[in-house]
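Asks: Here's a structure for you.
Rule-based calculations on the coordinates, nothing more; no lab input. None of the values given here were measured: they were computed from a predicted structure. Note that each Cβ is placed from the backbone with ideal geometry, even for glycine, and that neighbours are counted across all protein chains shown.
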Amino acid sequence: MPSPASLGATAARVQARPVTEDEAFLLGALHLQALRRAGVDTSSAPPHVQDFATRWAARSTDLPAWVAECDGEHVGLAVCRLPPLPRVGRGNPELVILEPLGELPPEAVALALVRGVVSWFGREGFYAVDVAPELPVPPAVLDAARADVAQGRRVSLPTRP
């Protein structure tokens with residue numbers, strides 16, 4: 001794990017910017033890279049990039065996304081889910097995808113993405129961004145982002161007896 005100083009310095013080299021609807025295929029391609037990096041077999045699925053891009057573009061206003069760039073290369077992506085209705089649940093956007101890619105230390109790319117996401121939502125008037133329970137975020141990133149980590153619970157309601 002990089003030291004906090006080197007983590008911050010490396011993260012500062014990475015720019016996180018919102019993805020536009022015109023960049024849906026870029027987002028799909030980056031997600032495919034993340035799946036492959038995680039060892040997911042995508043060969044039997046329908047063309048992932050097109051499927052992801054089409055579905056994301058149709059819901060992009062509810063699923064804002066960011067791409068991380070460094071030295072002209074795409075090095076990561078993040079996707080959030082907006083609250084479905086006002087004053088329902090916690091009312092915070094939720095970070096659902098955080099995928100560092102490329103050769104940079106993954107913690108640095110993740111930190112740059114988290115900072116970009118949090119900054120953007122702060123300007124939009126939100127007080128916090130929740131992290132999806134199933135999304136792993138490196139402890140160094142949580143520390144650097146001053147995350148409030150609380151023990152939670154996960155409840156699933158079965159659809160079949």
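Asks: Please label the shape of the range 4-144 as rounded, prolate or oblate, based on the square roots a ≥ b ≥ c of the eigenvalues of the alpha-carbon gyration tensor (a/c under 1.5 means rounded; beyond that, a/b larger than b/c means prolate, else oblate).
Replies: oblate
Asks: Taking the Cβ-Cβ separation of GLU103 and ALA150 as r and a Förster radius of 35 Å, what is the calculated FRET efficiency to the nearest 0.05?
Replies: Working: r = 34 Å, r/R0 = 0.97.
Efficiency at R0 = 35 Å is approximately 0.55.
Asks: For the range 131-144, just list the computed ³J(HN,Hα) in residue order, Karplus coefficients 6.51, -1.76 and 1.60, θ = phi - 60°, integers in Hz, with x standing in for Gly and Pro.
Replies: Rounded to whole hertz, the list is 10, 4, x, 8, 8, x, 10, x, x, 5, 5, 4, 5, 5.
Asks: Would you calculate a helix-derived [θ] at 222 nm for the chain, using -39,500 (n - 2.57) for each DSSP H run of n ≥ 4 and dividing by the full residue count, to the nearest 500?
Replies: Per the formula, -11500 deg cm²/dmol.
Asks: While we're here: Once you charge only the Cβ atoms, +1 for Lys and Arg and -1 for Asp and Glu, what is the size of the charge dipole of the chain about its Cα centre, to the nearest 20 debye?
Replies: Values: 15 positive and 18 negative charges, 125 e Å.
Roughly 600 debye for the chain.
Asks: Relative contact order of the range 1-98: what whole-number percent is it, with Cα pairs under 8 angstrom and at least 6 residues apart?
Replies: Relative CO of the range 1-98 lands at 25 percent.
Asks: Mind listing the Cα extents of the range 68-161 along all three principal axes, in Å, largest one first?
Replies: Result, largest extent first: 50, 34, 23 Å.
Asks: Also: Cut-off is 10 Å between beta-carbons; in what order do TRP56, TRP120, TRP66 appear when sorted fewest neighbours first?
Replies: Numbers: TRP56 21, TRP120 18, TRP66 25.
In order of increasing Cβ crowding within 10 Å: TRP120, TRP56, TRP66.
Asks: With a 10 Å radius around each residue's Cβ, average the other Cβ atoms per peptide and rank 38-44, 17-23, highest first.
Replies: Order by mean packing, descending: 17-23, 38-44.
Asks: Semi-axes, largest first, in whole Å: what does sqrt of 5 times each Cα gyration tensor eigenvalue give for the range 1-72?
Replies: 27, 17, 9
Asks: Further, regarding this structure: Can you sort VAL75, VAL149, VAL131 from fewest to most other Cβ atoms within 10 Å of each residue's own Cβ?
Replies: By the 10 Å Cβ count, ascending: VAL149, VAL131, VAL75.
Asks: With a cut-off of at most 12 other beta carbons within 10 Å, and DSSP calling the residue loop, which GluC sites (Glu not before Pro) in the range 55-100 qualify? Please list them.
Replies: Filter output for the range 55-100: empty list.
Asks: What is the gain in length, in nm to one decimal, between ASP41 and ALA132 on full extension, counting 0.36 nm per residue of separation less the C-alpha to C-alpha distance?
Replies: Going from the current span to full extension adds 30.4 nm.
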